[in-house]
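Inspection log for the structure reproduced underneath, given as structure tokens.
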Amino acid sequence: MKKKRAIVTGASSGFGLLTVIELAKNGFHVIATMRDLHKSELLIEKSKQEKVWDSITIHALDVTSKESIDIFKEYCHQFPSIDVLVNNAGIAIGGFHEEITVEDYRSQFETNFFGVIAVTQAILPMMRAQKRGRIINMSSISGKMGFPGLSPYVASKHALEGYSESLSLEVQPFGIDVILIEPGSYQTNIWSSVDEIEVKEDSVYHNYMTSLLTVMDAGKSKYGDPMDVANLITKIASQKKKPHFRYPIGTGVKRNLFLKNILPWRIIEKVMLRVILKHE
């Protein structure tokens, strides 16, 4: 039987790496992309351990570079079909709004939002021509709920949610499904930049940021297993029946989204601030 073909962006670590391996184990040939090919060692090692290396091709792709995307698009045209696109590449920029530059926000959006758009535009014509395909976008609970100290990341994921809704309506008539994965907190290295935020002593937000980082650090013991997300993506990519549009996943995620939908913002705000500021 001819193998289905999947593309996964941001495949050097975290959800991306695990998803590549799980898709390969479930019969896909996977094109694993990453900006820096020097970071492919872990993927190569794990795929050989799982005996799926023959089902994986690694290709350079910087989702913020038009030149890189054009080269990748030309590379993909050699294949008879692309069945699944997993837009996973992402970064997280942390800090309080007043102390973050506009350029930081642009950098966040270039990867998490415009990168998704650019890669999707490169692959979508192939899916439309073959009249089938699945585009799986890695969102976050942050795409549905705000959180202090993460406004660039939160804003990028909110934008991704709206874009995906519109895209889904546009491509459904061509047999293409768009899916949003909305994880809560998982132990992946996307948060390393947030963990390393410098708390400046002279900042007016010093006490607030210290409290916030304390809450985030305390919550790490409850972080979920990233394999759960990789398995979910693989299930969605493999199933014959039509998938749902949204898949919230992680401890407390569905509960929090339910409360967000029914409670006034003033109550949510009061509870969140009480939890964070009690550590001041």
- Item | For the chain, built as a Gaussian network whose Cα springs stay under 10 Å, the top-fluctuating residue of 130, 121, 239 | 239
- Note on the structure: In whole Hz, the Karplus estimates of ³J(HN,Hα) for the stretch 216-233 (6.51, -1.76, 1.60; θ = phi - 60°; x where Gly or Pro) are 5, 5, 5, x, 5, 5, 9, 4, x, 7, x, 4, 4, 6, 4, 5, 5, 4
- Query: What's the Kirkwood radius of the chain in Å, using all Cα pairs?
  - Reply: 19.7
- Message: Check which residues have an amide H placed less than 5 Å from residue 186's amide H, if you skip close sequence neighbours.
- Response: 224
- Task: Starting from the amide H of residue 58, placed 1.01 Å from N in the peptide plane, find each other amide H under 5 Å away whose residue is 5 or more places distant or on another chain.
- Result: 32
- Take the alpha-carbon centre of the stretch 121-144, take the same for the stretch 1-74, and report the distance between them in whole Å. 16
- Message: At 222 nm, what value in deg cm²/dmol follows for the chain if DSSP H runs of at least 4 each add -39500 (n - 2.57) and the sum is divided by all its residues, to the nearest 500?
- Response: -14500 deg cm²/dmol
- Message: Going Cα to Cα from residue 2, which aspartates and glutamates come in below 17 Å? Please leave out same-chain ones fewer than 8 positions away.
- Response: 54, 83
- Message: Apply the a/c threshold of 1.5 to the C-alpha gyration tensor of the stretch 1-81 and tell me whether it is rounded, prolate or oblate.
- Response: oblate
- Near residue 200, which aspartates and glutamates are there with a Cα under 17 Å away, not counting those fewer than 8 places off in the same chain? 98, 99, 280
- Message: Whole-Hz ³J(HN,Hα) for each residue in the stretch 238-243, computed from phi via Karplus 6.51 cos²θ - 1.76 cosθ + 1.60 with θ = phi - 60°, x for glycine and proline: what do you get?
- Response: 8, 5, 7, 6, 5, x
- Task: In whole Hz, with x marking every Gly and Pro, tabulate ³J(HN,Hα) for the stretch 114-128 from phi via Karplus 6.51 cos²θ - 1.76 cosθ + 1.60, θ = phi - 60°.
- Result: 5, x, 4, 4, 5, 5, 4, 5, 6, 9, 4, x, 5, 5, 5
- Query: Of 242/270; 51/131; 39/241; 73/220; 25/240; 220/260, which pairs sit farther than 29 Å apart, going by alpha carbon to alpha carbon?
  - Reply: 242/270; 51/131; 39/241; 73/220
- Interchain or long-range residues, amide H under 5 Å from residue 135's placed H: 85, 177, 178, 179
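Bear in mind these aren't lab numbers, they're just calculated from the coordinates by the rules spelled out. No experiment lies behind these values; they were computed from the predicted model shown.
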